[in-house]
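Enquirer: Here's a structure for you.
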Amino acid sequence: MLTSSYPRFPGDGIGAFLEPIAHSVAAGGRDVDVVAPWHPELRRPDHEGRVRFHFYRYAPTAGLHVFGYAAALKADISLRPSAYLATPPAVVMGCRALRRVVHATTPEVVHAHWVVPSGVMATLSLTGLPLVISLHGSDVFVAEKNPVARAAAAIAFRRAGAVTACSDDLRRRAIALGAQEETTTVVPYGVDTERFKPDPAARGRMRKSLGLSDRIPLIVTAGRLVRKKGFEYLIDGLAALSTSRSDVALVIVGGGDLRDELEQRAATGGVTQRVRFLGAVPQDEVAAWLAAADVVAVPSVRDASGNVDGLPNILLEALSTGTPVVTTSAGGIESVAIDGETARLVPEKDGDAIARTIDEILRQPTVAAELGLTARARMCLSHSWATAAQRFEQAYRCAVAGQSR
């Protein structure tokens, strides 16, 4: 597996879905070698069971290692200048690292995560192995907006024996960029239903950590503070909700470029005292916050630049927790969030609709509980990581068969 991100330490939220992908594929009987750029905060052993790590350096000092790990895009809209500087040496050293690992381990397949940069790097490496490219959202956005990235992605797509996308929206966009329709499939993310589950004890514990009474309705959301997450509209919704409910609190888990702007939005809406920005927290703590909430909000949007989440991890995690979810239809959300069955859907960028829907959920606890139970059951049935691994295995077989032909 060639990737530009991987959780740097246990519980890290950066590239969190890559860890269960690697381990679930390994659980199916494969040896998995992960090739990724080195990072100053990296705290990983050489191997974890059948998953082995190969982190390559590409800069003379720790401070210059700025490639990957969700650092290339500013607010997920534009490339940072540092990304342009770091990319050439990182690509060269990444290609060398991939060739070195291929020579040492003789794998059957190269699985590249994100067509830009990893799919392109796998193509440049000329390993001669079957190639599977998995799309996660920001890579397709970059290819759509940047002519050089678009041309590079088209070359990588032609080289790939199979392409997977985490949502149908992403699949359609990839095909428009040059991916072959017949070998491009949807492989939704899984969710750890043992980590993200109902937890009655979390309600009091997490609220106590912020000094919140058990009687105060609590809304929780999580993710990087970037445009496509739509957090500004959730804050607007909280302000609108204040006209009927002045006691509702909002917890926002995650860090990012827009924190100052979002804090100002809360101040303008008169809800500063009711919004808590927690920054990045470990995955276990995210699970506890989701279980402690009365409502989880996932207000994703297609932002002004056209970027949108493929399938937000936090959505699957919230549904698995059994807490009622309010979300939108952005990206691939509707593939798992069915209005009135597993979640409540509202229009994008509509704070008033968010406020009305949250208010309805809080006023109908029995209906809300049924919504959460149905969502939890659906996640356990069809969105395990073992199921996702089986679908990746099908992609591997497709790429191998294509190479043989």
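Read the figures in this text as sums done on the coordinates, not as results from a lab. Values in this document were obtained by computation on a predicted structure and should not be read as measured data. Positions of Cβ are generated from backbone atoms using ideal geometry, with glycine treated the same way; all protein chains shown enter the neighbour counts.
Enquirer: Place a +1 charge on the Cβ of each Lys and Arg in the chain and a -1 charge on the Cβ of each Asp and Glu, then give the dipole magnitude about the Cα centre in debye, rounded to the nearest 20.
Expert: My answer is approximately 880 debye.
Enquirer: A follow-up question, please. Enumerate the aspartates and glutamates that Lys349 could reach by cross-link, defined here as Cα to Cα under 14 Å, with residues fewer than 8 away along the same chain left out.
Expert: Partners within reach: Glu232, Asp236, Asp303.
Enquirer: Can you tell me the dipole magnitude for segment 200-382 around its Cα centre, using point charges on the Cβ only (Lys, Arg +1; Asp, Glu -1), in Debye to the nearest 20?
Expert: Computed charge dipole of segment 200-382: roughly 420 debye.
Enquirer: Which value in nm describes the separation of the simple spin-label points at Asp284 and Ala377, placed 7 Å from the Cα toward the beta carbon?
Expert: Computed distance between label sites Asp284 and Ala377 equals 3.1 nm.
Enquirer: Taking the Cα centre of each part, how many Å lie between segment 268-317 and segment 352-386?
Expert: What the calculation gives is 15 Å, centre to centre.
Enquirer: Taking N as the number of residues in segment 363-405, what is its alpha-carbon radius of gyration divided by 2.2 N^0.38 Å?
Expert: Expressed relative to 2.2 N^0.38 Å, the Cα Rg reads 1.99.
Enquirer: What is the sum of charges, Lys and Arg at +1 and Asp and Glu at -1, for the other residues whose Cβ falls under 15 Å from the Cβ of Arg57?
Expert: +3
Enquirer: For Gly11, what is the net charge nearby, where nearby means another residue's Cβ is under 9 Å from its Cβ and Lys, Arg count +1, Asp, Glu -1?
Expert: -3
Enquirer: For a Förster distance of 30 Å, can you work out the FRET efficiency between the beta-carbons of Arg150 and Phe9, rounded to the nearest 0.05?
Expert: Here the calculated transfer efficiency is 0.30.
Enquirer: With a 10 Å Cβ neighbour count serving as the proxy for reagent exposure, in which order, fewest first, do Tyr189, Tyr84, Tyr6 appear?
Expert: So the ranking, lowest neighbour count to highest, is Tyr84, Tyr189, Tyr6.
Enquirer: Turning to a different aspect of this structure: Quick check on the chain: what are the equivalent-ellipsoid semi-axes from the Cα gyration tensor, as sqrt(5λ), descending, whole Å?
Expert: 37, 22, 20
Enquirer: May I ask you to compute the full-extension gain from Asp260 to Ser209, defined as 0.36 nm times their residue separation minus their alpha-carbon distance, rounded to one decimal in nm?
Expert: Fully extending the segment from Asp260 to Ser209 adds 16.0 nm.
Enquirer: Next question, about the same structure. Mind checking the full-extension length gain between Ser335 and Glu181? Use 0.36 nm per residue of separation minus the Cα-Cα distance, one decimal, nm.
Expert: 53.5 nm
Enquirer: Across the Cα atoms of segment 116-237, what radius of gyration and what greatest pairwise Cα-Cα distance (Dmax) are found, in Å?
Expert: Final numbers for Rg and Dmax: 20.3, 61 Å.
Enquirer: In percent, what relative contact order does segment 200-382 have, based on Cα pairs under 8 Å that are 6 or more apart in sequence?
Expert: Once divided by the residue count of segment 200-382, the mean separation gives 24 percent.
Enquirer: Along the charge dipole of segment 200-382, pointing to its positive end and built from +1/-1 on Cβ of Lys, Arg, Asp and Glu, which listed residue (Ala288, Met379, Ala368) has its Cα farthest out?
Expert: Ala288
Enquirer: Just want to confirm a number: the relative contact order over the chain, from Cα pairs under 8 angstrom separated by 6+ residues, in percent.
Expert: Relative contact order for the chain comes out at 16 percent.
Enquirer: With unit charges on the beta carbons (Lys and Arg positive, Asp and Glu negative) and the dipole taken about the Cα centre of segment 200-382, which residue among Asn313, Val275, Leu241 sits farthest to the positive side?
Expert: The residue sitting farthest along the positive end of the dipole is Val275.
Enquirer: Running a GNM on the chain with Cα contacts under 10 Å, which residue among Arg43, Arg203, Arg99 ends up with the highest mean-square fluctuation?
Expert: Residue with maximal mean-square fluctuation among Arg43, Arg203, Arg99: Arg43.
Enquirer: If the viscosity is 0.692 mPa s and the temperature 37 °C, what translational diffusion coefficient in µm²/s does Stokes-Einstein give for segment 1-136 when Rh comes from Kirkwood over Cα pairs?
Expert: Answer, rounded: 218 µm²/s.
Enquirer: Based on the Cβ-Cβ distance of Arg99 and Arg57, what FRET efficiency does E = 1/(1 + (r/R0)^6) give at R0 = 25 Å, to the nearest 0.05?
Expert: Here the calculated transfer efficiency is 0.95.
Enquirer: Per 10 Å bin from zero, what fraction in whole % of the C-alpha pairs of segment 180-228 is there, up to the bin with the longest pair?
Expert: Reading upward from the zero bin: 16, 30, 29, 14, 8, 3.
Enquirer: Next up: What are the ³J(HN,Hα) values, in whole Hz, obtained from phi via the Karplus relation 6.51 cos²θ - 1.76 cosθ + 1.60 with θ = phi - 60°, for each residue of segment 275-288 in sequence order, with x given for Gly and Pro?
Expert: Result, rounded to whole Hz: 10, 10, 9, 9, x, 6, 9, x, 4, 4, 6, 4, 4, 5.
Enquirer: So, one more: Going 7 Å from the Cα of Leu64 in the Cα-to-Cβ direction, what parts of segment 89-103 have a backbone nitrogen less than 17 Å from that spot?
Expert: Zone members listed by number: 89-94.
Enquirer: Could you work out how much longer the chain between Ala401 and Asp247 gets when fully extended? Use 0.36 nm per residue separation minus the Cα distance between them, nm to one decimal.
Expert: Here the answer is 49.5 nm.
Enquirer: A further question follows. To the nearest 20 debye, what charge dipole does segment 1-50 have about its Cα centre, counting +1 at the Cβ of each Lys and Arg and -1 at the Cβ of each Asp and Glu?
Expert: 40
Enquirer: Springs between alpha-carbon pairs under 10 angstrom, Gaussian network model over the chain: which of Met121, Met206, Met379 fluctuates most?
Expert: Looking only at Met121, Met206, Met379, the largest GNM fluctuation is found for Met206.
Enquirer: Among DSSP beta bridges lying fully in the chain, give the percent that are antiparallel, nearest 5.
Expert: Of those bridges, close to 10 percent are antiparallel.
Enquirer: Against the 2.2 N^0.38 Å scaling, with N counting residues, where does segment 200-382 land? I'd like the Cα-based Rg ratio to two decimal places.
Expert: 0.93
Enquirer: Sticking with this structure for a sec: What does the charge add up to near Gly119, with Lys and Arg as +1, Asp and Glu as -1, over the other residues with Cβ less than 11 Å from its Cβ?
Expert: +1
Enquirer: Something else about it: Going by how many other Cβ atoms sit within 10 Å of their own, how do Ser138, Ser213 line up, fewest first?
Expert: Ser213, Ser138
Enquirer: Computed over the Cα atoms, what is the radius of gyration of segment 1-63 divided by 2.2 N^0.38 Å, N being its residue count?
Expert: Against the empirical 2.2 N^0.38 Å value, I get 1.10 for segment 1-63.
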